[in-house]
Every structure is written in structure tokens, then in C-alpha cells.
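The values are calculated or read from the model by the stated rules, or taken from the named source; none is laboratory data. Bear in mind that the values here come from a model prediction, so they are computed numbers and not experimental data. Cβ atoms come from the backbone with ideal geometry, glycine included; neighbour counts cover every protein chain shown.
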Amino acid sequence: MRDKIKTPAKWLMLALMVLTNAFVTTMPMSALPVLFKEISEDLDLSLLQVGSIWGMVNLAGIFISLLAGVLADRFGTRRTLIVFCFLTALTGALRGLSDSFGILVVTVLINGAVRLVVPVAVAKNIGLWFRDGRLGLAMGLVMMGMGLGLMLGPLVSASLLSPWLGGWRNVMFFIGGLSGVVALFWLLIAREAPAPVEAEGSSVSILQAFRELLRARPIWIMGTTLAFRVGCLMGVTGYVPLYLRDFLNWKPGLADGTLSAFYAVSAAIVVPLTFLSDRIGSRRKIMIPALVFGFLGTVLMPIADGALVWVLMIAHGMFLDTFMSLTTTLLLESKGVKQEYFGTAVGMIFTMGLVGAVSGPPLGALFTGFSGDAPFYFWAGLAFIALIIFLFIRVNPPTIMTPEHSQ
């Protein structure tokens, strides 16, 4: 039987996790790109150096996501989040003290490493607090928090915060302070999720966790699907504005607007779609269309112009956050993934996804030597592989507990 969790407590914790993803997981990262012009002028950086700094964010995640899951399993999500929210605050603020390219690279890399522990611990925490129902909706709301941070960082950092606070350095201090406030919330008002009945009295063995999870089909299915899908997504989103400006002669503002629409529709629709997955008792019925739309939105881009570009980007972006939240949800519901190993399991698939994120864009960019359209066909191939893996190999999760069953 599933143990009951008091409703007020879990919704309070959900609100805190939404804030955590917004102000600790994504805003410290998303604020950087719009400040790069100011930073590069202050530190005399080249475009290559700016690009190298931005690359440190995902690179750090490859090496830290797996460790993040182990820490959450071994020490508990609350303690893990207290420590790493504080570390994110400290290292985020330290970026503002950088006086050279080398020091900025180091501080960005360290901040990325400690910051990327947070979403793994949050994902495990969601799985524990909402194991008695509404897991899809809860995961969708937390993913919406990520979207909020992704939106707020570029929206306010350069246009509002930098003029108000007196420069990019003070913006780094301010955003670090926001992460510190969230850390205080975890210290003062948060509590650990009640242990599931089947896990009471158990202790996590790291070696045993890896041995069991490496034999679990859901890990490999969801991890490889995520790697190919994210490789496609990162390639397309990084390339489309450049492609529209340089190959189709779009105005810069109009070209960049397609990417804004991509992210906006994703954030707007993630909660309704994840809620729908709870109501219909199926994650796959939403994830399969997401993979189909991702493939079509990429493979048709070379023949698109004008309104069709917007249609394809919006259709592709509709499922961005939804697919990620349901991937994690489906993993945590799957047979072969014990609740005491949730953190390690999430860390494993996040690591696979980040491998795709780092490798997909540069591999696709190699095809520009053939034509401006060619990278889309490469990334469409990645999307098609993700679809085939997920379509023909089932993870066989147990029956989803709907809200009616959890009451």
C-alpha cells in the first residue's frame, strides 16, 4: 500500500521547489548571455572566450549530475538542497569578483557544478512527496519554475538590474542573494519527505544502487531517448536564429523572436499537458506526439519560410518542458527503480541527456560545410532515433495513481 502524505505539507514543499528551480537552477545561468556584452567590454574578452564561458555550463553538468543523485540518495534531499543552494549563492556571487577571463571561467564552472546538483535533488524530492498521486502535475509545475527562471534571467538582468544596481558585477551579487534566500527557506521551513513504507529502515548502498540501476531497462530507454532528443533540441535552438538571419535574410529581431516563441509556448503548456497525463493515466500518449512533432519540426525546417517557420518552431516547442518533466515522471514510476535510488536514477538519465546537449550542436554544425540546410537533417536523424527507441521499447511502468485514487 502507498503511504499517505499530508496535503498541506506537500503543496508547501511544491511551492518551494518551484521557487528553487526558478531562482537557483536556471536564473543564475540564464542571466549570463544578456550580460556578456557588458562583461566582455569590462574584461576585454573575445567572442571565442565568451563562447567558452557559456560552454562551461553544460560541460559541468556531465560530470556532476550522477554525483548529485548519489548525494541526494545518501544524505537526503533536504540536506543536499540546503548545502547546494547555499553553494550556488556563494559561487554565483563570486562570479562578480572576476577580474580576468581565467577567473571568470573557473567561477562559472564551479557555479555550474554546484548549481546542477539542485535539479536532480528537486526531481527526487518531487517523486517522494507526490508518490501518492498527481506526480505528473507536480513535475510539470516544477518544470514551469525552470521556465520562469529561464525567462526572468534575460528579461531583467541587462535591462533592469544592471542599470539599477550599477553594473554586471552587482547583478551577480544580487542573483546570488536570491539563491541564498531560497537556501534559508530550505533550512528554516522545509522538511524531508516521509520515508516510503517499503524503504523504512533501509540504507542506501551506492554500489548496490549502481548494480541494480545499470540492469534496469527504464534507465537505458529513457536515458538514450533523452540524449538523442536533447542533442536535436540544443542543435536546433542554437542554430535557427543564425540560419534565419544568414540564409533566409530575416531581420535579427524577427529571427530571434522564433526562439522566444519556442520557449514561451513550452512554459505556457507544460502544466496543462502534465495534468492531462495524470487524468488519462498515461505518459506515453503525450510523449510520443512530442517526439513526432520534434522530428517533423526539424526535418521540415529546410523547406520552410515565413509563417511555416513559426508554425514548426511553436509545434516543436510545445512539448519542450512537458517531455522533460514526463521523462522524469515515467522513470520514477517504472518498475526496477526503487524509491531509495530515485536520486541516482535521475542523475544517470540527466547525465546521458547532457552528453547529447554538449555533442549534438557541434556535430550538426559540421554539416554546414555541405549546405545551410544540412544540419537540420542531422538533428532530425537524432530526433527520429529518439522516436524509434521510445516507440518500440516499452518501460512497463506500474499503473499511475490518479488523484481520485490518492484521496
Select, from L155, L128, the only residue that is within 29 Å of F262 (Cβ to Cβ) and either in the same structural domain as L66 (by TED's automatic domain parsing) or part of a helix (DSSP H, G or I) (or both).
L155
Pairs needed: first member in segment 139-153, at pLDDT 85 or above; second member anywhere, outside any helix (DSSP H, G or I) and among the aromatic types (F, W, Y); C-beta distance under 9 Å; at least 6 residues apart or different chains.
M139/F130
Before we move on, is G253 in contact (Cβ under 8 Å) with a residue 60 or more places away in the chain and farther than 24 Å from K338 by Cα?
no
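Here is a yes/no grid of residues against (1) surrounded by fewer than 24 Cβ atoms within 10 Å (Cβ to Cβ); (2) out of contact with any Pro (no Cβ under 7 Å at 6 or more places or on another chain); (3) of a type outside the set (D, E):
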{"residue": "T25", "(1), (2), (3)": "no, no, yes"}
{"residue": "D44", "(1), (2), (3)": "yes, yes, no"}
{"residue": "S52", "(1), (2), (3)": "yes, yes, yes"}
{"residue": "N58", "(1), (2), (3)": "yes, yes, yes"}
{"residue": "A68", "(1), (2), (3)": "no, yes, yes"}
{"residue": "R74", "(1), (2), (3)": "yes, yes, yes"}
{"residue": "L94", "(1), (2), (3)": "yes, yes, yes"}
{"residue": "L109", "(1), (2), (3)": "yes, yes, yes"}
Some residue of segment 221-236 being surrounded by fewer than 19 Cβ atoms within 10 Å (Cβ to Cβ) and in a helix (DSSP H, G or I)
no
Scan segment 296-345 for residues that are within 20 Å of the chain's Cα centre (by Cα), within 25 Å of W379 (Cβ to Cβ) and assigned to a helix (DSSP H, G or I) and report the count.
16
Among (1) closer than 30 Å to F367 by Cα; (2) buried (at least 23 other Cβ atoms within 10 Å of the Cβ), the one test that M318 misses:
(2)
Tally time: how many residues in segment 287-309 are crowded, with 17+ Cβ neighbours inside 10 Å, of a type in the set (V, I, T) and either out of contact with any Gly (no Cβ under 9 Å at 6 or more places or on another chain) or more than 18 Å from I385 (Cα to Cα) (or both)?
1
Any idea which residue in segment 1-23 is modelled with the lowest pLDDT, counting only those that are in a loop (DSSP other than H, G, I, E, B) and exposed (fewer than 15 other Cβ atoms within 10 Å of the Cβ)?
M1
Looking only at residues in segment 204-226 that are within 13 Å of G347 (Cα to Cα) and of a type in the set (G, A, S), which one is nearest to the chain's Cα centre (by Cα)?
G223
